[in-house]
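Before any comments, here is the structure.
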Amino acid sequence: MKNSFLKASLYLCLLVISACEKAPTTISYDDAAIANESQTNDWLAYGRTHNERRFSPSDQINEGNVAKLKVDWFLDLPKDVGLVSTPLVVDGTLYFTGTMNVIRAVNAATGKLLWEYDPKVAEAIRGTQRTGWKHNRGISFYEGKLFAATWDGRLFALDAQSGKELWMVRTFDIDRALYITGAPKAFNGLVLIGNGGTESGPTRGWVTAYHADTGEEAWKFYIVPGNPADGFENAAMEMAAKTWTGEWWRHGGGGNAWHGFTYDPEFNAIYIGTGNGSPWNRKIRSPGGGDNLFLCSIVALDADTGEYLWHYQTTPGESWDYNSNMDIVLADLALGDDEKPVKAILHAPKNGFFYVIDRETGKLVSAEPFVETTWATHIDIETGRPVEVPGARYETDTAYITPNAYGGHSWHAMSYSSETGLAYIPAQHYATNYSDLGFDIEGFQMEPFVGGFGVNPLPAEQPEEYPSSLIAWDPVNQESVWEIPQKSGPNGGTLTTAGNLLFQGRADGRFLAYDATTGDELWNFDMGLGMTAAPITFELNGKQYVSMLVGWGGGSAGIGSLFSTEKYSGSNLGWDYGKHMRRLVTFSLDGSAEMPAQPPPHFPEPLEAPEFEIDAALAQQGALEFGACLGCHGFNAVASGMAPDLRASAIPLEKDSFAAVVRDGALVAGGMPGTPGISDAQLEALQHYIRHRARETL
Ligand code: CA
């Protein structure tokens, strides 16, 4: 009697507890849910589902009615700068990461802000020298939790309902010359993250998987081998070490995995896109040659243990910054009449070739160039290796190389439609002359935070009449079906739908919808500010929406005019720092929101400051120092919107204010880290260089 009373009370208590703790949703968002291609409501992973295709079966908005698409709601984001991320939509809530890794949750039907979480990146980096960028490409969702990583190297989990922090781990020491701009990948009860910084100092890339529930480390995989004298972590590292020569560990080797993680539930594998060499020049890194595994590869790891399964290297012994960190898209391709579909990986890395790889075996199925490739004529199908053009490794002379370090395709998202059978690539067409003439090959040693390439990238004749294009690529026949040349770039990622639509936001501020089959332009909306992010689509209460983060950003946007020539407009489109409103904009067929127009493009005017006497030798020295600044303030001190244009700023005119910002980090809250070690002489040289450039461009 007593027992059954206790049991009943306990049962009642449990009922009450479960009722109280019950989340508004009863849906389980496990791997099966994230892999489900057929649902139309949610956008659950970086590339929508585990397949990373960025294809939605929604067809309410389609080729017949897309011309009627209007702004349904918008959210102004006045404090943000570069917005490059792909939002997620889970059960009616839209989540996204903004500048300085601030996470926001909004009602996906109205745009009303539900909660905001600030990981306080400025506080974390205060007083430390930092490298990299303050923007971030995305977040991950798994079983009620959101995962995101910070510029300064932390990974954290939030409760998706409340935005409350559940755990936070530091993935690398704050003092290391590394950064994170990527989206973590949640899968199989784990969450995985890598890092960037191959050009910021000697670095040995790795990825770590943490338990999604606790943040406890589950496994770690290094991408390149360390010093053999220290022993190898596993058999894969021992194998990889046979493809390196000299004392590569002194240079780190590189291979940083800053983007391109795909989970394959069918094979319980996680595919890692790996980075380029540190430094770029193999003569320095591995002087006796060698493929240098696992640089510029797709490496398949066991999703439970992180053990090596297979790899395919796109650029053996890379020498041009041809990393393979780009999208890894899963698709089943019908190749041949009586064969069963090939379980394929579609991959269009920087080196300009489009790869179809059998993901069961890691073997190459086919590869053809999607842009001009002067470094290799073709990929040998028997060996799976590129057939290089003699001289491409700048062995004895300058080499004309296209694609250049920007890549024939970079991280700007590629999509794949199972209905048209086409992949949609935001492609780039840039060339650089690579030369190491005059380099002290034997004496070269990168310093943390000073960084370098080990080779000089020099201006070159550009390969096309246009810097970018949108390419519809047939992966079965390995050929371009149509291509739209674009006057500026880089342009944003792509989204494709069962409505036979293809969406893309461009650098020039235009958001477009195309007929996914023919490439005909169907809709063109002026956002008044360049876009670099990728659009998403979702359905809510039976209505289809399309959402887009509008905020010109990314590494190329920061470097700006590096590869702009008279022929190419480059990145200087007038998206001046702080002039245009950053926004999250959502469209529907019956939208009726009135969105205020953006100010026109604005090009900063350099300050004349005639009282400043320029010392030519100091200015020349300052040009070298400026190498540490151009990632955000622009090549040749011409900024393109990611940070203030220093020619037009009063701060570098005055010694004390300049030191307060550059050395002491006075503007760290805005994303300008301090550099405590910088000397008065270095600061002075920078001042003279900035004034020199200001006067030159008045
Ligand atoms: Ca790189």
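The values are calculated or read from the model by the stated rules, or taken from the named source; none is laboratory data. Here the structure is a predicted model, which is why all the values come from computation and not from measurement. As a convention, Cβ positions derive from the backbone with ideal geometry for all residues, glycine included, and neighbour counts pool all protein chains shown. These area figures cover heavy atoms from the full protein model, side chains too; ligands, DNA and RNA do not enter into them. Shrake-Rupley method; radii C 1.70, N 1.55, O 1.52, S 1.80 Å.
In the set (1) in contact (Cβ under 8 Å) with a residue 24 or more places away in the chain; (2) touching a strand residue (DSSP E or B) at 6+ places or on another chain (Cβ under 8 Å); (3) closer than 30 Å to G553 by Cβ; (4) away from the ligand (no atom under 16 Å from the Cβ), the condition left unmet by N188 is number (3). Of all the listed residues (V476, V481), the sole one being farther than 22 Å from S556 by Cα and in a strand (DSSP E or B) is V481. Selection of helices (runs of 4 or more DSSP H) fully inside the stretch 599-698 by the criterion of at least 1 residues being open to solvent by 70 Å² or more (accessible area, probe 1.4 Å) and within 25 Å of E199 (Cβ to Cβ) returns 616-625. M595 meets the stated requirement of being surrounded by fewer than 20 Cβ atoms within 10 Å (Cβ to Cβ) and among the aliphatic types (A, V, I, L, M).
Scanning the stretch 318-327 for residues that are touching a residue at least 60 places away in the same chain (Cβ under 8 Å) and within 16 Å of the ligand (Cβ to nearest atom), we see that the one that is farthest from the chain's Cα centre (by Cα) is S319. Based on what the data block shows, is H211 within 16 Å of the ligand (Cβ to nearest atom), more than 21 Å from the chain's Cα centre (by Cα) and either closer than 19 Å to G273 by Cα or not β-branched (V, I, T) (or both)? Answer is no for this residue. Contact map, the stretch 680-698: residues that are within 16 Å of G627 (Cβ to Cβ) paired with residues that are open to solvent by 60 Å² or more (accessible area, probe 1.4 Å) and assigned to a helix (DSSP H, G or I), Cβ distance under 7 Å, separation 6+ or inter-chain. Pairs shown: A685/Q621; R693/N636. Is it fair to say A460 is in a strand (DSSP E or B) and either out of contact with any helix residue (DSSP H, G or I) (no Cβ under 8 Å at 6 or more places or on another chain) or open to solvent by less than 10 Å² (accessible area, probe 1.4 Å) (or both)? Taking the combined requirement at face value, the residue does not satisfy it. Only strands (runs of 3 or more DSSP E) whose full extent lies in the stretch 336-441 are considered here, and the ones with at least 1 residues that are open to solvent by less than 10 Å² (accessible area, probe 1.4 Å) are 342-347, 353-358, 364-369, 376-380, 399-401, 415-417, 422-428, 432-435.
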